[in-house]
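**Q** First the structure, then my questions, so here it is.
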Amino acid sequence: MNVSLVLIVVMAVLFACGVYAMLERSLTRVLIGFLLLGNATNLLLLIVMGQPGVAPFFGTEATPDEMSDPLPQALTLTAIVITFAVSAFLLALIYRSWQLGQADTVVDDEADRAVREGTADVDEAMDDETEIEDTDDDATTDFVGTDTAPIRIVGSRDFAGLRDDAPVDRAAPPRDTDGRSGGEDS
């Protein structure tokens, strides 16, 4: 196996730069670091594949020693898809962070600083978190009032021309002997 030393050095530099960028506080740098790690992984799989050969689907035209290994190619395609999906998720996180705080930097709160300095009781911090979870959910959501809620539930009473024939889970009103509902005046 004759692997180029330049490919190995480039792969190592990509891994190092990716890890370094992912350790930053900025979510944009985390995204860039993750993309560098994804490209370094693809390059690693390309190096592992070895010498290129004949495609395996040619069948009897080549011996198995002359064929290229399809597994690293499949793993590279999988790595590309995973990198794309996680990058899209990180972009959504960056966008949401920018919407809420006009910054994409992750900051420590008091509990994080206390844990890092070793001055906090971990059990006490866990109790505080469960107390926050037990409080009213309206205080922890972005959409407190119904005026600012992103989803409005519309029913048949909201539009005069709309007839709602959908089945409901309520019990039907009792019917008279002539087939009419009991509560109607006709």
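Read the figures in this text as sums done on the coordinates, not as results from a lab. Bear in mind that the values here come from a model prediction, so they are computed numbers and not experimental data. Here the Cβ is made from the backbone with ideal geometry for all residues, glycine too, and neighbour counts use every protein chain on show.
**Q** Starting from the amide H of Met67, placed 1.01 Å from N in the peptide plane, find each other amide H under 5 Å away whose residue is 5 or more places distant or on another chain.
**A** The list, which skips near neighbours in sequence, is Val54.
**Q** Also, quick follow-up: Relative to the present Cα-Cα distance, how much length would full extension add between Ala88 and Ala160 at 0.36 nm per residue of separation?
**A** The span from Ala88 to Ala160 would gain 21.7 nm if fully extended.
**Q** Report the FRET efficiency, 1/(1 + (r/R0)^6), for Ser97 and Met22, where r is their Cβ-Cβ distance and R0 is 25 Å, rounded to 0.05. Spell out each step's value before the answer.
**A** Details: r = 16 Å, r/R0 = 0.64.
Approximately 0.95, to the nearest 0.05.
**Q** Please list, by residue number, everything in the stretch 62-89 whose backbone N is under 20 Å from a paramagnetic label point 7 Å out along Cα→Cβ of Val54.
**A** Residues 62-73 qualify, since their backbone N sits under 20 Å from the label point.
**Q** Could I ask something else about it? So if each residue of separation counts as 0.36 nm, and I subtract the Cα-Cα distance between Asp112 and Ala74, what length gain in nm does that give?
**A** Details: separation 38, 0.36 × 38 = 13.68 nm, distance 4.12 nm.
Value of the extension gain: 9.6 nm.
**Q** Quick one: if you stick a label point 7 Å off each Cα along the C-beta vector at Val13 and Arg170, how many nm between them?
**A** Taking the simple label geometry, Val13 and Arg170 are separated by 7.2 nm.
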